[in-house]
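Taking it in order: structure first as structure tokens, then the write-up.
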Amino acid sequence: MSATGRASGATATAATAAPATRRASAVGRVLAYARFETVGMLRNGEQLLVAVVLPALALVGLGAADIVRLPGDAARIDVVAPGVIALAIVSSSFTSQAIATAFDRRWGVLRQLATTPLGSPGIVLGKGLAVLAVQVIQIALLTGLGLALGWRPETGALWAAVLAWWLGSLSFTALGLVLAGRLRAEAVLAVANLAWVVLAGVGGLLLPTSGDTPVPVPAMAWLPTGALGDALRETLGAGAVPGVGLVVLGVWALALVLAATRWFRPSE
């Protein structure tokens, strides 16, 4: 689905579904909007490319070929697969969400939706649920591909991996909304794509922030990208609970949600 088609569809939904949603519960309206957003993301070829195809190519390339030096004695796929899942989480919650929301905002789609019974809180909740739904699909596909390539994840601290996923998703969704709420759509498109490339390379997503790697950047461990990547590598690679990483992600999630509350207004 093109951005124009998405806007037209959302506008039509806002216009035609309003009488029906007035009779629905608040929860029903949020779930209906989350379903609309999820389908829109899955039908958008550009978003699928960033959210699924590129992470899958990174998993195959870095996991199977010895083209980048990795630290430790662990199998390459055991280091690469958690990092690729972290990259996929950032792709859907930040890059895709920021770009889609920015164009929805420019075409007035969010302003129209905000006047329906869904309201601004419902828009934000619906977007968050849609991101989580898409990420369930992303994680399932990438985990299956990783298993086919020989990945055998540790499951002893799986709850910590799930917590890191949720905190990371919350952080980057909030960051994407802040970006979409403050910049022009074209600027968001450029910044979000450039940030994805930079953070994938040196942000601590694909490669550890420390150790004998080509680009060890320890400071990145204190950013949400490095904290998310390292947390997933610790839980799924070593079965350990990343206490510091979870605290860092929790602090970033709180700060970015407060920032989104301050600077993102669907009705503007």
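May I ask you to verify whether V80 is over 18 Å from N193 (Cβ atoms), part of a helix (DSSP H, G or I), modelled with pLDDT under 95 and of a type in the set (A, V, I, L, M, F, W, C)?
Yes, satisfied.
Could you run through the stretch 206-250 and say how many residues are modelled with pLDDT under 90, part of a helix (DSSP H, G or I) and open to solvent by less than 60 Å² (accessible area, probe 1.4 Å)?
Going through the stretch 206-250 one residue at a time, the tally reaches 3.
Within the stretch 133-151, identify whether any single residue is buried (at least 19 other Cβ atoms within 10 Å of the Cβ) and touching an Asp or Glu at 6+ places or on another chain (Cβ under 8 Å), and answer yes or no.
Scanning the stretch 133-151, I find at least one residue that is buried (at least 19 other Cβ atoms within 10 Å of the Cβ) and touching an Asp or Glu at 6+ places or on another chain (Cβ under 8 Å), so the answer is yes.
Given the stretch 97-205, what helices (runs of 4 or more DSSP H) lie entirely inside it while holding 2 or more residues that are at pLDDT 90 or above?
97-106, 119-148, 158-182, 185-202
The values are calculated or read from the model by the stated rules, or taken from the named source; none is laboratory data. Since we're looking at a predicted model, the values are computed, not measured. Quick reminder, even Gly has a Cβ in these numbers, built from the backbone with ideal geometry, and neighbours come from all protein chains shown. Side chains included, ligands, DNA and RNA excluded: accessible areas come from the protein's heavy atoms. Shrake-Rupley method; radii C 1.70, N 1.55, O 1.52, S 1.80 Å.
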